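Below is one structure, written out as structure tokens; the observations come after it.
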Amino acid sequence: MLKYYTTIFFKMNIKAAAFLFDLNGTVIDDMGYHAAAWHDILTKDLKAPFTHHEVKQQMYGKNEEVLIRFFGPGHFTKEQMQELSIEKEKRYQQAYLPNLKLLDGLQEFLDQAKAAGIKMAIGSAAIPFNIDFVLDNLHLRKYFPVVVSADDVSISKPHPETFLQCAAALGVPPEDCIVFEDAPKGVESALNAGMRTFVLTTSHPKEDFAQYSNVIGYGEDYQGLFV
């Protein structure tokens with residue numbers, strides 16, 4: 001499968017001036033740990049009767065937005081949501097740290113993209129506390145001069161603001177960017193920004209992206225994307 005999409009990227013001359021990466025599920029395969037941390041907070045701390053499947057389906061976007069989707073607006077103060085958000089991330093980081101690693105093939109992919117002069121950025125709905133956890137522990141700062149987090153946007157994905165900020169900061173037109181995403185809402189965000197998307201199937205099967213016209217390829221990881 002990856003060989004097929006390598007052909008799409010290069011032999012059919014699909015080019016890009018910038019690569020924009022979502023973080024969770026795209027740079028690292030950690031979405032199961034996020035789901036477990038959210039489920040722990042919601043069911044043990046907040047005594048809410050949500051199933052693991054319900055949690056997984058609703059945990060996109062900013063942490064505050066997740067809480068509002070589950071409990072409705074006005075249920076928590078802003079300060080309470082911030083405290084719950086940080087506690088959730090602490091539990092996630094503690095559980096995931098021993099297993100923290102890049103998706104297979106991504107280290108080589110980043111090195112070759114950097115050598116080729118392709119600009120790169122992170123565009124994530126994660127808070128800086130989590131982004132720093134990944135970038136610093138995996139020594140990725142040199143690849144990503146631009147990082148757009150949940151704190152930098154007023155509206156989360158699928159609104160295009162995250163990826164448009166990335167493109168503007170890199171000085172690259174949206175149409176010259178390729179976004180790497182693992183979630184339908186992220187692909188929709190890229191579509192709304194006028195950008196093409198390569199989908200990592202770490203969190204969702206290909207079928208979940210069938211409605212999006214901007215998807216140019218799929219892969220389980222990054223192995224073989226540069227030849």
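Values for this structure:
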quantity	calculated
Helices (runs of 4 or more DSSP H) enclosed by the range 57-147 - at least 2 residues per element that are among the polar types (S, T, N, Q)	78-96, 106-115, 128-137
Hits in the range 151-189 (condition: in contact (Cβ under 8 Å) with a residue 60 or more places away in the chain, in contact with an Asp or Glu (Cβ under 9 Å, 6 or more places away or on another chain) and part of a loop (DSSP other than H, G, I, E, B))	SER156, LYS157, ASP182, ALA183
Restricting the range 190-227 to residues that are among the polar types (S, T, N, Q) and assigned to a loop (DSSP other than H, G, I, E, B), the residue that is nearest to GLN112 (Cα to Cα)	GLN223
Long-range neighbours under 7 Å by Cβ, at least six apart or interchain, first residue at positive phi within the range 15-36, second surrounded by 21 or more Cβ atoms within 10 Å (Cβ to Cβ) and among the aliphatic types (A, V, I, L, M)	GLY25/ALA183; GLY25/LEU200
Filter result for HIS53 (surrounded by fewer than 15 Cβ atoms within 10 Å (Cβ to Cβ) and modelled with pLDDT under 95)	yes
Criterion violated by MET195 - all others in (1) surrounded by 19 or more Cβ atoms within 10 Å (Cβ to Cβ); (2) in contact with a Lys or Arg (Cβ under 7 Å, 6 or more places away or on another chain) satisfied	(2)
Residue check for LEU100: surrounded by 14 or more Cβ atoms within 10 Å (Cβ to Cβ) and in contact with a strand residue (DSSP E or B) (Cβ under 8 Å, 6 or more places away or on another chain)	yes
Selection count, the range 127-139, where residues are farther than 23 Å from GLY61 by Cβ and among the hydrophobic types (A, V, I, L, M, F, W, C)	1
Boolean, ALA168 is buried (at least 20 other Cβ atoms within 10 Å of the Cβ) and either modelled with pLDDT of 95 or more or acidic (Asp, Glu) (or both)	no
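The values are calculated or read from the model by the stated rules, or taken from the named source; none is laboratory data. Just so you know, these numbers come straight off a predicted model, no measurement behind them. Using ideal geometry, Cβ is built from the backbone for each residue, glycine included, and neighbour counts are taken over all protein chains shown.
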